[in-house]
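Engineer: Dumping the structure here so I can ask a few things about it.
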Amino acid sequence: MSQSDTTPIGTHRDDDHTDCDETPDAQTALSAPAVAASEPVGTPFDAEDLVVGYPTSEEAVVDGESLVAAPGQVTALVGPNGSGKSTLLKAMADQLAPEAGTVRLDGADVTEMDSKDLARRLGLLSQENVAPDSITVEKLVEHGRYPHRGFFDGLTEGDLDAIDRAIDLAGVDHLRERDVGSLSGGQKQLVWIAMILAQETDVLLLDEPTTFLDMHHQLEVMEIVETLRDESDKTVVVVLHDLQQAARLADHVVALKDGAVQSRGQPEDVVSEEMLADVFGIEATVTQSDIGPQITPLRPLHDDAGADRHR
Amino acid sequence: MAEDVTSGAEREAGESARFAWIDGSLLSLCLGSLALVVAAGLVQVSFGSYSMSVGEAWRSVVDTAVLLDERWLLNFLLGEELMRTVTGFQGELPELATETLIVWNIRLPRVFVAMLVGMNLAVSGAIFQAVTRNELASPFILGVSSGAGLLILLTLVVFPVLATALPLIAAAGGMGAFVLVYLIAWKGGTSPVRLVLAGVIVGTVFQSLQTGLFFFADDIGVVQSAIAWTTGSLTGTDWEQVRTALPWTIVAMGLALVGARQLNVLLLGERTASSLGMNVERMRFALSAVGVLAAAASIAVAGIVGFVGLIVPHVVRNVVGSDYKRLVVGCLFAGPALLVAADVGARLAIPVLMGGSGQLPVGIVTGLVGGPYFLYLMRKQEQLGEI
C-alpha cells in the first residue's frame with residue numbers, strides 16, 4: 001500500500017542524518033503534520049526499496065533505496081559520479097527493470113502500466129539525445145505528442161496547441177523552422193526540453209539537463225524548471241551535477257553516494273560542509289545567501305571518502 | 001454564419017497542413033523519377049528480337065485496344081482465369097496487332113517488374129537504415145540475401161525437381177535467415193549493433209555454404225542460372241512475375257507509409273523512443289518484418305539485386321531530408337527509376353558495346369553504378385554512417 005495515495009504530502013523535512021533504513025511511511029508520518037493547507041497539489045511519485053543494477057555487473061548500482069518525489073514540486077538528486085543518480089532516475093522512469101522494489105505513479109506500479117499510458121503521465125529527458133540533423137525543431141517537438149496519438153492518428157488541434165505551449169515555455173519559438181543540426185548544444189537542449197514538455201506529463205524526470213551547457217543556457221534551463229515549479233502542478237525530479245544549482249532550484253534535495261541516500265531534506269539543511277565532505281569528498285565552505293546556500297569548494301579530501309569518489 | 005466561415009477556413013488550413021510535407025524538393029524528385037521511368041521504359045519497349053520501328057513500339061504502348069479494354073488489362077494483371085471470374089467474360093479476347101501483343105506481352109512486363117523490384121528494395125533499405133540507425137544498412141543487412149542465396153543454390157544443385165518453386169523458396173530462405181538472425185541477436189532484447197553482427201555471422205556462414213555448393217554443380221547451365229539468381233536478373237520476366245510481386249508490394253509499401261512516423265521516432269534513438277512510450281522491440285521487429293517482406297517480394301521475381309536498397313534511400317535523403325514520410329514516398333518513385341534505367345543497361349550493354357547477343361544480370365549494372373556513387377558520397381560527405 002502506497003503512502004502516497006492516502007496522504008497528501010508536501011516537502012519532507014528530514015534531518016541531514018544518513019539513515020537509509022527509514023521507510024517512506026515513516027517519513028510521511030514525520031512530515032505529515034508540517035503540511036500546510038496551501039501546498040501545491042501534484043501527482044504523487046515514489047520509489048520504494050529499489051534495487052537496480054545492470055546485467056553486465058553483479059553489484060547493484062542502487063541498493064534498496066526509497067525516494068519520495070515532492071508532489072507538484074522539484075526534487076533534486078545530487079551526488080558524485082557513479083553514485084547512482086541517473087540509474088535511479090532511469091529505474092523510476094521504467095527504462096531499467098529494478099531487481100527489487102516498486103516505483104509508483106499516483107499509486108500505480110509503473111512496471112505494470114502500458115508504456116504509452118505511462119508516457120502520457122511521465123516524461124524523461126535523457127542525458128544524451130540524438131536526432132537526425134535535417135529534422136526541424138517543430139517536427140522534433142511534435143514527436144513529444146507520440147504517446148497521445150494512435151497508430152493512424154494525425155495531429156489534432158489539441159496536439160498543435162500542446163506543441164505551441166511547449167515551444168513557448170522552452171523559449172525556442174524563434175528556432176521553430178530551423179534544422180536541429182544547425183543549432184548549438186544549448187539550443188538543442190532547450191528543444192529537447194520542449195519535446196518533453198509537449199508530452200504534457202504530470203511527472204517530469206530530467207537527467208542532468210544543464211551539464212555541458214554554457215552559463216546562459218544553464219540559466220535558461222533553470223528558468224524553465226523554475227517556471228514549472230512556480231506555475232504548474234508538475235512533479236519534477238531532476239538530476240543535477242551542480243550542487244549550487246540544485247540548492248537554488250529544488251524544494252527538496254536528495255544526496256546519493258554509492259547507490260545509497262546519504263541525506264535528504266530542504267536545500268539549506270542538506271547542503272552543509274559535513275555533507276560535502278561525506279558525499280563529495282571535498283572540503284568546502286557553505287554560506288547562506290538570498291539565493292540559497294553558496295558553496296566555495298576548497299580542496300579534495302584524500303581519505304577513504306576521497307578514494308571512493310574515483311570508483 | 002460567422003462560425004461556419006471560421007470552421008471552413010480552419011478546415012482548409014487543416015487540409016493544407018495535411019499536405020504541407022509534400023514540398024518542392026519531394027515533388028521534383030518524384031516527377032524527375034517518373035520521367036526517367038517513362039524514358040527508360042520507352043527505350044526498353046523499342047528494342048527486341050522482333051523488329052519494329054520505334055514509332056510503332058511507342059504507338060503499341062498506348063494502343064487503345066488494350067488500354068480501354070478492362071478485359072485485356074485484367075488479363076495481364078490478374079491472369080486469364082481470375083479475369084474470367086471477375087468479369088464473367090467467357091468468349092475469346094479481341095485480337096490485337098502483332099506489335100501490340102509483343103510490346104504488351106513481352107517487353108512491358110519487364111519494365112513493370114523492374115519498377116516493383118526497385119520500389120521494394122528502396123523502401124526496404126530505407127526501413128533497415130532507420131531500424132539500425134545506420135546509413136550503410138541495406139535490405140540484406142539482416143541475412144536476407146545469404147539465406148535466399150543458399151536456398152537458391154540448394155534447390156538448383158541438390159533438389160532440381162523443385163526448380164519451379166524457386167521464387168517462393170528463395171523468398172522463404174530470406175525470411176528464414178532473418179528470423180535466425182533475430183534469434184541469434186536476442187538476449188533479453190536486441191540492439192542495432194547486435195542485429196548487424198548477427199547478420200554478419202549468418203551471412204558469412206551461409207555465403208560459405210553457398211559458394212561450396214557451386215562445386216557440386218555439374219552443368220555450366222546450372223551455374224549460370226545460379227549466378228543470375230544470386231546477382232539479380234530481370235531476363236525473361238513476364239506478367240507472371242508482376243502478378244507474383246504486386247500484392248506483396250502493395251501490402252509492404254502501404255505498411256511502410258503507415259509506419260513512417262514510427263520510423264521517425266526510432267531515429268531519435270531507443271532511449272527516447274522508449275520514454276515516449278514506444279515498445280521499441282516490438283516495433284523494431286514489426287518494421288524489420290515489413291522490410292524483409294518487401295525484399296523477399298523482389299527476390300522472388302528478380303533474385304538478389306544488390307545496391308539499389310543502399311543507394312536509393314541515400315539519394316532521396318540527400319534531396320528531401322530525413323523525414324521518413326517524405327523518404328518513403330521518394331523511394332517509391334526513385335527506386336523504380338534506378339532499376340528501370342539500370343535494366344536498360346543490363347539488356348542493351350552487350351549488343352551495343354560488343355555487337356553480340358546476350359544480357360547481363362541487372363545486379364551487375366546496379367553494382368557498377370553503386371560503387372562509384374558511394375565513392376562520390378564518401379568524398380563529398382564528412383560523415384557517412386549514422387543518420
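Every number here is computed from the coordinates shown, using simple stated rules; none is lab data. Just so you know, these numbers come straight off a predicted model, no measurement behind them. Positions of Cβ are generated from backbone atoms using ideal geometry, with glycine treated the same way; all protein chains shown enter the neighbour counts.
Engineer: Quickly work out the A:T156-to-B:L31 label distance, labels modelled 7 Å from Cα along the C-beta direction, and quote it in nm with one decimal.
Structural biologist: My value for the distance between the label points is 3.8 nm.
Engineer: Something else about it: Starting at the first residue of segment A:201-211, write each ³J(HN,Hα) from the Karplus equation 6.51 cos²θ - 1.76 cosθ + 1.60 with θ = phi - 60°, in whole Hz, x for Gly and Pro.
Structural biologist: 9, 7, 10, 10, 10, 10, 9, 6, x, 9, 5
Engineer: Starting from segment A:119-148, pick out the GluC sites (Glu not before Pro) whose DSSP state is loop and whose Cβ has at most 16 other Cβ atoms within 10 Å.
Structural biologist: Here the sparse-neighbourhood loop sites are A:E128.
Engineer: Helix-derived [θ] at 222 nm for the protein assembly as shown: sum -39500 (n - 2.57) over DSSP H runs of at least 4, divide by residue count, nearest 500?
Structural biologist: Value at 222 nm, helices only: -17000 deg cm²/dmol.
Engineer: Follow-up. Distance between Cα centroids, segment A:84-127 to segment A:193-262: provide it in whole Å.
Structural biologist: Between the Cα centre of segment A:84-127 and that of segment A:193-262, the gap is 17 Å.
Engineer: Here is a follow-up. As I understand it, the dipole of chain B uses +1 on the Cβ of Lys and Arg and -1 on the Cβ of Asp and Glu, about the Cα centre. Which of B:Q381, B:L108, B:V340 lies farthest toward its positive end?
Structural biologist: Towards the positive end, the residue furthest out is B:Q381.
Engineer: If segment A:3-266 were replaced by its equivalent ellipsoid, with semi-axes equal to the square roots of 5 times the Cα gyration tensor eigenvalues, what would those be, largest first, whole Å?
Structural biologist: Each semi-axis is the square root of five times an eigenvalue, giving 30, 20, 19 Å.
Engineer: Report the far tail of the P(r) of segment A:175-311, meaning the percent of Cα-Cα pairs longer than 26 Å.
Structural biologist: 32
Engineer: From the gyration tensor of the Cα coordinates in segment B:108-380, what semi-axes in whole Å does the equivalent ellipsoid have, largest first, with each one equal to sqrt(5λ)?
Structural biologist: They are 30, 22, 16 Å, listed largest first.
Engineer: In 10 Å bins starting at zero, report the fraction of Cα pairs in the protein assembly as shown per bin as a rounded %.
Structural biologist: Per 10 Å bin, starting at 0, the Cα pair percentages come out as 3, 13, 20, 19, 16, 12, 9, 5, 3, 1, 0.
Engineer: Over segment B:199-298, consider all pairs of different Cα atoms and compute the Kirkwood hydrodynamic radius from their mean reciprocal separation; express it in Å, one decimal.
Structural biologist: 16.8
Engineer: Turning to a different aspect of this structure: Taking the simple approach of a point 7 Å from Cα along Cα-to-Cβ for both B:I227 and A:E274, what is their distance in nm?
Structural biologist: Taking the two extended label points, one gets 8.4 nm.
Engineer: Quick one: give the max-minus-min coordinate of the C-alpha atoms of segment A:91-160 along each principal axis, largest first, in Å.
Structural biologist: Reported extents, whole Å, longest axis first: 41, 28, 18.
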